[in-house]
Amino acid sequence: MDKEQLKKIIYELVEASTGKKKLKQSDILKKVAADQGLEKDEVKAALRELVDAGTLIFTYFGGSFIEIPPKQ
Amino acid sequence: MSELPQRQTDIGPPHYEKFLHPVIKKNYGKWKYHEILTPGSMVHVSETGDKIYTIRVASPRLLSTNTIREMADIATKHCGGYLRFTTRNNVEFFVDEEGKIAPLIKELQDKGYMVGGIGPRISNVVHTQGWIHCHSAATDASGLVKAIMDDLSEYFTTKELANRVRIAVACCVNMCGAVHCSDIALVGVHKTPPRIDDENVKNFCEVPSTIASCPTSAISPDPSKKSVKIKLEKCMYCGNCYSVCPAMPISDPDNDGVAIVVGGKVANLRSAPTFSKLAVPWLPNNPPRWPEVTDAVKKILNAYIAGAKKHERVGEWIGRIGWEKFFQETALPFTIQHVDDFTFARETFRTTAAFKWT
Amino acid sequence: MSKKYATPLLDELKKGAFPSFVKEMEMAAERSDMAADLLGLVELSYKEKVTHWKHGGIVGVRGYGGGVIGRYSDIPDKFPGVAHFHTVRVNSPSGFYYTSDAIKEICDIWDKYGSGLTNVHGSTGDLVLLGTRTESLEPIFAELSSRGWDLGGSGSAMRTPSCCVGKSRCEWANIDSMAITNDITHHFQDEMHRPAFPYKFKFKVAGCAVDCIASIARADMSIIGTWKGDIRIDQTEVKNCETKGMNIQTEVIDMCPTGCMQWDGKQLKIDNSNCNRCMNCIARMPKALRPGTEQGATLLLGSKAPIVTGALMSWVIVPFIKMEPPYEEFYELVGKIWEWWDENGKNRERIGELIERLSFPRFLKEVGLEPVAAMVKEPRRDPFFFWSEEDIIKK
């Protein structure tokens, strides 16, 4: 799968979950890999680009999660 | 701030080898034996015949850069610029000739450092952040350590005990730092349940994870308020919900306090590593010197000094005399809180008719 | 500089023999408004007997999910200097050795951007820089990393591994604990910096069963050095111990937990096949006794502090493993354990708690470890055990 498309899928998953259930990195890897029939490592590489760019961030509250950064 | 250097990621820590004293580097893996020379110094002897002398001082763990620079300068002057820190937040200086020990110790003592902590003594106290930096602290850690060690300093600098006595302080039951396996440990405890701020639970907390955080299933949903409620009789005040949901503050200045647990160890020598067990369920927070706590610690230590055989750790001494005797020897009251009703409770009940009268 | 706040309660803790943390705060306060306000805030805590810190928020450096702990005062209007007071965890070098120059370099960076206060070290083993503002985090990271320092772990990640001095300055080290720790840390940089686990995971490496790093009590995986074969004995030095005043019978022979030693006044005999390698005799007579030469480690899994369902100590999962580079067998096992944890663990569930919940036999089967008697103190007491399909006799 095209990486940009994969990144879009990941972002939309996090977006759809916002305010409902916080997702851990592992939740995202499992879900997207299963839905798209991909290896987790491929999803992980795409997720890492999103995090490196600051499009998604790690947050911590009683556990580490992936979220959309708050608007300043 | 425009002139920042280029950041790098995932480089990991620098390799330890470049921080090793030349004698340590040369004799890496070749050490043959060691001897404790004084309460604050020891020598390690290599198969090559080389020797490295270690001089140990206490630190309060909370260090200003001033003090770190001073330590570094001392290391530069006396030790070729090498030093290390121990797991228990002691600082160690190295010299390669016996004659260099005295001037080093003199300078350390002149500058107010407490030299000692090696051998069958009280070493530095492992502890947590407390009121200096922690959101869930039920007591301060640095202040308790200071109060206790001021009282017991001679067991760091000179006096010998039957064996080492490891003291630790944790400012809440999260117990950052192996407090649960120490000879004598203090732990900050709450005595009252968290208070629920319904409006903020609704806005800041995930209700399912807040419910899941409770080890005794005391928390349930309160749908009308989009919040949670607590079955008070089930709550054992651990504060785990507060770690997950900040709208459930648990601190209570009058009722937060200090529990004392004793008899734990991590070393395998003679007997298996053991958990510390409850000696005192609650003493008041009475800063700045916590006199009730320091008194109880001294009672325990004095009973150990009076009763322990050579090489017995606190837990081994108690194991030999029995816990019923421990409460007698220390004159600490045995209360309903001492009887376990948690996960491993039944393992702790006395299933024998053999015990001592006290 | 005159003091910003009166601190009568803390001033009491400047007295006494033990080094004073209050003096440390005062020294930092000479230069830093943050440290000055910290003194005021902590004095208030001493007066009110309650903490004035709030939970962490969303702070960190770009790309990482750990290494920085967000911290805010709950009374920022009163003490603006500690409105933000975040912690930066710097991954310490194995064994906590430093040169004066290296540690001063960190001080320089910290004086420029932070409160000037530190913990050397925090409980996990990071060099903790205590108290800075959100906008300083990226500059601090750039300054540190460009000079060869990286951040340690926090959150649901591999935490900064730590170890005893090992072979650098201890004759009892059966494994190269510093090299192993350094290797694990570099091997798992992604697992450390980008939290992907159900909860934290700690490695601690001890060279022998004295366990100076307390690995058995506070590491999800405890790596403890041990040996096979015979304890090396220098009979002349044994005799010297007695000459110097040691009572070998009461201090060594009678204290041996397995009763596998004999001393007739001339010759020390050890029945090594019954030795459980507790280290007592070796620790009593460091000049006379040394561990055997076939060295490796025991791997133990699962320890943690009592939150939430009670404290656990690590228990044996691999009785003996050679811990030599490139540690292939070890890393393969760690990978399998993490995969199993990822598959089955809940948020905030440590590996030890997960094994308790799902059962140790199931863990052994699914991770592919053979059960051996060394893994338990005693076999089960109940008759309620499971069988597999292949164990059933079919007509």
TODO: Taking the residues in region C:181-197 that are under 16 Å from C:GLU339 (Cα atoms) and among the acidic types (Asp, Glu) as candidates, determine which candidate is farthest from the other protein chains (Cβ to nearest Cβ).
DONE: C:GLU191
TODO: Return yes or no: is A:GLY62 within 10 Å of chain C (Cβ to nearest Cβ) and either within 22 Å of C:TYR199 (Cα to Cα) or buried (at least 19 other Cβ atoms within 10 Å of the Cβ) (or both)?
DONE: yes
Task: Criterion (in contact with a helix residue (DSSP H, G or I) (Cβ under 6 Å, 6 or more places away or on another chain), over 30 Å from C:HIS121 (Cβ atoms) and either polar (S, T, N, Q) or surrounded by 23 or more Cβ atoms within 10 Å (Cβ to Cβ) (or both)) met by exactly one of B:VAL169, B:VAL228 - done: B:VAL228
Task: Hits in region B:56-70 (condition: of a type outside the set (Ser, Thr, Tyr) and over 22 Å from the mean Cα position of the chain (by Cα)) - done: B:ASN66, B:ARG69, B:GLU70
Open item on the list: For region C:129-162, give me each residue that is more than 9 Å from chain B (Cβ to nearest Cβ) and closer than 18 Å to C:LYS204 by Cβ.
Closed with: C:GLY153, C:SER154, C:ALA157, C:MET158, C:ARG159, C:PRO161
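Yes or no, residue by residue, for (1) under 16 Å from B:PHE19 (Cα atoms); (2) in a helix (DSSP H, G or I); (3) touching a Phe, Trp or Tyr at 6+ places or on another chain (Cβ under 9 Å); (4) basic (Lys, Arg):
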{"residue": "C:LEU130", "(1), (2), (3), (4)": "no, no, yes, no"}
{"residue": "C:GLU138", "(1), (2), (3), (4)": "no, yes, no, no"}
{"residue": "C:GLU143", "(1), (2), (3), (4)": "no, yes, yes, no"}
{"residue": "C:SER156", "(1), (2), (3), (4)": "no, no, yes, no"}
{"residue": "C:TRP172", "(1), (2), (3), (4)": "no, no, yes, no"}
{"residue": "C:ILE175", "(1), (2), (3), (4)": "no, no, no, no"}
{"residue": "C:ASN182", "(1), (2), (3), (4)": "yes, yes, yes, no"}
{"residue": "C:HIS186", "(1), (2), (3), (4)": "no, yes, no, no"}
Task: Selection within region A:10-20 - over 24 Å from C:MET192 (Cα atoms) and touching an Asp or Glu at 6+ places or on another chain (Cβ under 8 Å) - done: A:THR18
Task: Matching residues, region C:251-294, being at the interface with another protein chain (Cβ under 9 Å from one of its Cβ atoms), in a loop (DSSP other than H, G, I, E, B), of a type in the set (D, E, K, R) and over 27 Å from the mean Cα position of the chain (by Cα) - done: C:LYS287
- [ ] Go through region C:66-108 and give me each residue that's within 19 Å of B:ARG61 (Cα to Cα), out of contact with any Cys (no Cβ under 7 Å at 6 or more places or on another chain), facing chain B (nearest Cβ under 7 Å) and in a helix (DSSP H, G or I).
- [x] C:PHE96, C:SER100, C:ALA102, C:ILE103, C:LYS104, C:CYS107
TODO: Inspect region C:12-19 for any residue being within 26 Å of the chain's Cα centre (by Cα) and in a strand (DSSP E or B) and give the result as yes or no.
DONE: no
Open item on the list: Which condition from (1) crowded, with 24+ Cβ neighbours inside 10 Å; (2) more than 14 Å from chain A (Cβ to nearest Cβ) is the one that C:THR124 breaks?
Closed with: (1)
TODO: Starting from residues that are surrounded by 10 or more Cβ atoms within 10 Å (Cβ to Cβ) and among the hydrophobic types (A, V, I, L, M, F, W, C), keep the ones in region B:345-358 and report whichever is modelled with the highest pLDDT.
DONE: B:PHE355
Task: Residues (loosely packed, with under 14 Cβ neighbours inside 10 Å and among the charged types (D, E, K, R)) located in region C:233-264 - done: C:LYS244, C:ASP254, C:ASP264
Open item on the list: If I ask for residues that are within 21 Å of A:LEU23 (Cβ to Cβ) and out of contact with any helix residue (DSSP H, G or I) (no Cβ under 8 Å at 6 or more places or on another chain), which ones from region C:349-369 would you list?
Closed with: C:ARG350
- [ ] Output the residues belonging to region C:127-154 that are surrounded by fewer than 24 Cβ atoms within 10 Å (Cβ to Cβ) and at positive phi.
- [x] C:GLY148
Task: Spans of strands (runs of 3 or more DSSP E) in region B:139-251 with at least 2 residues within 11 Å of chain C (Cβ to nearest Cβ) - done: B:167-170, B:184-189
Open item on the list: Given the criterion of a type outside the set (Gly, Ala, Ser) and free of Cβ contacts under 8 Å to residues at least 60 places away in the same chain, identify the matching residue among C:ILE231, C:ILE223, C:ILE270.
Closed with: C:ILE270
Task: Subset of region B:39-72 [more than 7 Å from every other protein chain (Cβ to nearest Cβ) and without any contact (Cβ under 8 Å) to a residue 24 or more places away in the chain] - done: B:VAL45, B:SER46, B:GLU47, B:THR48, B:GLY49, B:MET71
Open item on the list: If C:ILE106 satisfies all but one of (1) modelled with pLDDT under 95; (2) more than 25 Å from A:LYS71 (Cβ to Cβ), what's the number of the condition it fails?
Closed with: (1)
- [ ] Within region C:198-216, identify whether any single residue is buried (at least 22 other Cβ atoms within 10 Å of the Cβ), among the aromatic types (Phe, Trp, Tyr) and more than 14 Å from chain A (Cβ to nearest Cβ), and answer yes or no.
- [x] yes
TODO: For region B:317-344, enumerate the residues that are out of contact with any helix residue (DSSP H, G or I) (no Cβ under 7 Å at 6 or more places or on another chain), crowded, with 19+ Cβ neighbours inside 10 Å and in contact (Cβ under 8 Å) with a residue 60 or more places away in the chain.
DONE: none
TODO: Look at region C:265-279 and say how many of its residues are farther than 15 Å from C:ILE248 by Cα and surrounded by fewer than 11 Cβ atoms within 10 Å (Cβ to Cβ).
DONE: 1
Open item on the list: Against the condition at the interface with chain B (Cβ under 10 Å from one of its Cβ atoms), under 27 Å from C:VAL372 (Cα atoms) and not basic (Lys, Arg), how does C:LEU299 come out, does it pass?
Closed with: no
- [ ] Go through (1) over 28 Å from the mean Cα position of the chain (by Cα); (2) touching a residue at least 60 places away in the same chain (Cβ under 8 Å); (3) within 11 Å of chain C (Cβ to nearest Cβ) and name the single condition B:ILE101 misses.
- [x] (3)
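The values are calculated or read from the model by the stated rules, or taken from the named source; none is laboratory data. Owing to the predicted nature of the structure, the values given are computational and were not obtained by experimental measurement. Cβ coordinates were reconstructed from backbone atoms using ideal geometry, including for glycine residues, and neighbour counts include every protein chain displayed.
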